[in-house]
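Written below as structure tokens is the structure these notes are about.
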Amino acid sequence: KLNPRCPSPLEYEIIRRHMPPLLLYLFCLINHSVGFAFTDTAISSSTFKRSTAIIMSSASTDALLQHSLSLTSAAAEKALAAAEREASSNGWCVTIAIADAGGIPLLVKRCDGAFAASYEVAVGKAKTAAQFCKPTAQLEAAANVSDGTSRAALLSAPFVLMRGGVPIFINGKCCGAVGVSGVAPDQDEQVALAAVNTLVSIASKL
């Protein structure tokens with residue numbers, strides 16, 4: 001015999017199928033707490049747990065996932081072209097590296113006249129800027145001795161703490177970085193900034 005305070009099994013099934021997750025959760029919680037039961041169909045603990053899982057998973061989706069931006073090969077090419085123009089206009093022989101948000105190179109070019117070691121240094125600067133989400137100039141400043149103090153521990157990390165790596169931020173998210181090597185540190189950074197500013201300018205118009 002059905003408890004008169006409870007919906008019938010058929011009514012409960014209609015409720016279960018059509019009620020929004022939050023209301024279904026509350027419905028099951030109330031029934032579970034006051035001891036409503038069906039003779040043929042019960043609001044069992046497994047039903048209660050399933051309903052709880054539905055609402056909890058719905059409520060926590062945003063906390064578990066976040067949106068990200070990724071550079072395309074087209075973006076890397078535009079960044080490289082801008083950096084190369086800046087270097088060429090100043091007569092600088094450099095290597096330019098464009099990396100994704102994880103610091104993995106998407107595109108690298110060693111321009112004519114750039115010394116061999118500049119390739120690895122540029123790639124390392126791009127990787128470091130991307131993974132720290134900071135310009136490598138800031139990391140270099142932290143590692144260098146200033147007023148008798150420094151973060152010497154940074155020197156043991158497997159990163160290139162040299163000016164010339166600049167992260168790419170689009171809509172507040174780091175989606176890559178540019179690393180440049182071959183000339184003076186401030187000149188490397190100037191070339192990298194030309195690439196970054198080009199992408200930021202393009203993105204602002206989308």
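Things worth noting here:
- Per-residue surface analysis assigns ARG163 an accessible area of about 80 Å², computed on protein heavy atoms at 1.4 Å probe radius.
- Couplings for region 130-143, taken from phi via the Karplus curve 6.51 cos²θ - 1.76 cosθ + 1.60 with θ = phi - 60°, read 5, 6, 8, 6, 9, x, 5, 4, 5, 5, 4, 4, 5, 7 Hz in order; Gly and Pro are left as x.
- Accessible-area value, THR72, 1.4 Å probe, nucleic acids and ligands omitted, Å²: 80 Å²
- Taking amide H as placed 1.01 Å from N in the peptide plane, ILE168 has its amide H under 5 Å from the amide H of CYS175, GLY176, ALA177, VAL178, each at least 5 places away in sequence or on another chain.
- Paramagnetic label zone (point 7 Å from Cα along Cα-to-C-beta, ALA81; backbone N under 18 Å) in region 186-206: 192-206
- Inter-label distance, nm, simple model (7 Å from Cα along the C-beta direction), SER68/GLN138: 2.0 nm
- Per residue, region 74-205 exposes 48 Å² of solvent-accessible protein surface, assessed with a 1.4 angstrom probe and all protein chains in place.
- Each Cα pair under 8 Å and six or more residues apart adds its separation to the average, and for region 152-206 the resulting relative contact order is 32 percent.
The values are calculated or read from the model by the stated rules, or taken from the named source; none is laboratory data. Nothing here was measured: the structure is a model prediction, and the numbers come from that model. In this analysis, Cβ positions are derived from the backbone assuming ideal geometry, glycine residues included, and neighbour counts consider all displayed protein chains. Side chains are part of the model used for accessible areas, which takes the heavy atoms of the whole protein and leaves out ligands, DNA and RNA. Shrake-Rupley method; radii C 1.70, N 1.55, O 1.52, S 1.80 Å.
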